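The next block holds one structure in the form of structure tokens; read it before the comments.
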Amino acid sequence: MTTPTRGYTATKEQLQARLRRIEGQVRGIERMVEDDRYCIDVLTQISAVQAALDKVALGLLDGHARHCMHEGAQEGRAEEMAGEMMAAVARLMKRG
């Protein structure tokens, strides 16, 4: 069985590296709380992690639009794929 090609397949290693960096940032925030660091400093780091995750999400959406939606349209599923993407965008925008 072959692994399916996803919109992010070409940049998978970069994506994984970025996610590992974010994971390290989250661990750093945990240490900051453990060390009773100043609230604003912790919040600043949380904001940085959120921005990094947003960048990952936008990259995934871009890959989805360029690859997955293109394939879906060729298979006659354009409407379904558009609805799925808009639902994903709505979930991303609902934060806070």
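Values quoted throughout were computed directly from the atomic coordinates according to the rules given, and no laboratory measurement underlies them. Worth saying up front: this structure is predicted, and the values here are computed from it rather than measured. With ideal geometry, Cβ positions are generated from the backbone for all residues, glycine too; neighbour counts draw on all protein chains shown.
Across segment 38-46, computed HN-Hα scalar couplings (Karplus, 6.51 cos²θ - 1.76 cosθ + 1.60, θ = phi - 60°) run 4, 3, 5, 5, 5, 4, 4, 5, 4 Hz from first to last residue, x flagging Gly and Pro.
Each Cα pair under 8 Å and six or more residues apart adds its separation to the average, and for the chain the resulting relative contact order is 34 percent. With the highest mean first, a sort of the peptides 38-48, 55-65 on other beta-carbon atoms found within 10 angstrom per residue produces 55-65, 38-48. Note on Gln25/Arg77: beta-carbon distance plugged into 1/(1 + (r/R0)^6) with R0 of 30 Å gives a FRET efficiency of 0.20.
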